[in-house]
1. Sorted by average packing, counted as other Cβ atoms within 10 angstrom per residue and highest first, what order do 85-97, 220-232, 165-177 take?
2. Only Cα pairs within less than 10 Å get springs; with that Gaussian network setup on the chain, which residue of 185, 25, 253 has the largest fluctuation?
3. Using alpha carbons only, how many degrees (0 to 90, rounded to 10) separate the axis of helix 211-221 from the longest principal axis of the chain?
4. Could you let me know the centre-to-centre spacing of the range 93-158 and the range 1-55, using Cα atoms, in angstrom?
5. Over all Cα pairs of the range 129-260, how is the pair count split among 5 Å bins, expressed in % and running from 0 up to the last occupied bin?
6. Can you compute the modelled spin-label distance between residue 257 and residue 221, with each label point 7 Å from Cα toward Cβ, in nm?
7. How would you classify the range 54-166 from its alpha-carbon gyration tensor, with a ≥ b ≥ c the square roots of the eigenvalues: rounded for a/c under 1.5, else prolate if a/b is greater than b/c, otherwise oblate?
8. To two decimal places, what compactness ratio does the chain give when its Cα radius of gyration is scaled by 2.2 N^0.38 Å?
């Protein structure tokens, strides 16, 4: 493992642990995953049994058999990074229990769900950048997938997490379950932003009678390359040149201004590009995710 991967895992698990202990545990919000199950057990043991079983203990106890099975199925090599992730998240869930919670007096469900999503999504995104996980439902899904290869892993994870949220619905009531769903949706957006959001680009298709001038302006002033594509208007039956340009998000405004300045009648469409591989852009994003 590279040093940067260790840093991603450590920083990511610290942020996730803070998100769970500062925002989810105080309001007993179950957002799926092993942490959600651990929060249910934490609340149940405190209120019913009178003896608290902390989130970190449930996380550790549940992950041990899961990773034992995973190692037997796939070998230690494939599970190494995730084992490190589990050790780190368990340790930091324990450590962060002793850090004073500065948000303890603001236990609003909406604020808790939003800030939990921000912390957990950012942390998980960093962990995924290191090609690791924190175990839990992801590991259980991999184990099931090994036995039932036709099951899509995304649907397995969704089914398991939904079951835990449903369990939380019956334990803590519908209001917290609804806020938990908000938290889950926002968490996925934060994860996506960390993994690829900063790398989003824009693709522009430009049809104009002045494509040569526009291309020169783009290549000199932005500067980005431009590709001319032969196009045919199906209404006019006329042949034209269409420019294809890929720019970063911050260059879109300049691109619009350049095109408008050269030809105010130019037809231009701009679309989101999730991944760009090649000179001037990023490496293949698939290498960053599991």
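1. 85-97, 165-177, 220-232
2. 253
3. Roughly 50 degrees, rounded to the nearest 10.
4. Result: 8 Å between the Cα centres.
5. Histogram of Cα-Cα distances, whole percents per bin: 2, 8, 12, 12, 10, 9, 7, 7, 9, 10, 9, 4, 1, 0.
6. In this crude label model, residue 257 to residue 221 measures out at 0.8 nm.
7. prolate
8. 1.29
Every read-out reported here was derived from the displayed coordinates using simple, explicitly stated rules and does not represent laboratory data. Computed from a prediction, not measured in an experiment: that's the story for all the values here. Backbone-built Cβ (ideal geometry, glycine too); neighbour counts: all protein chains shown.
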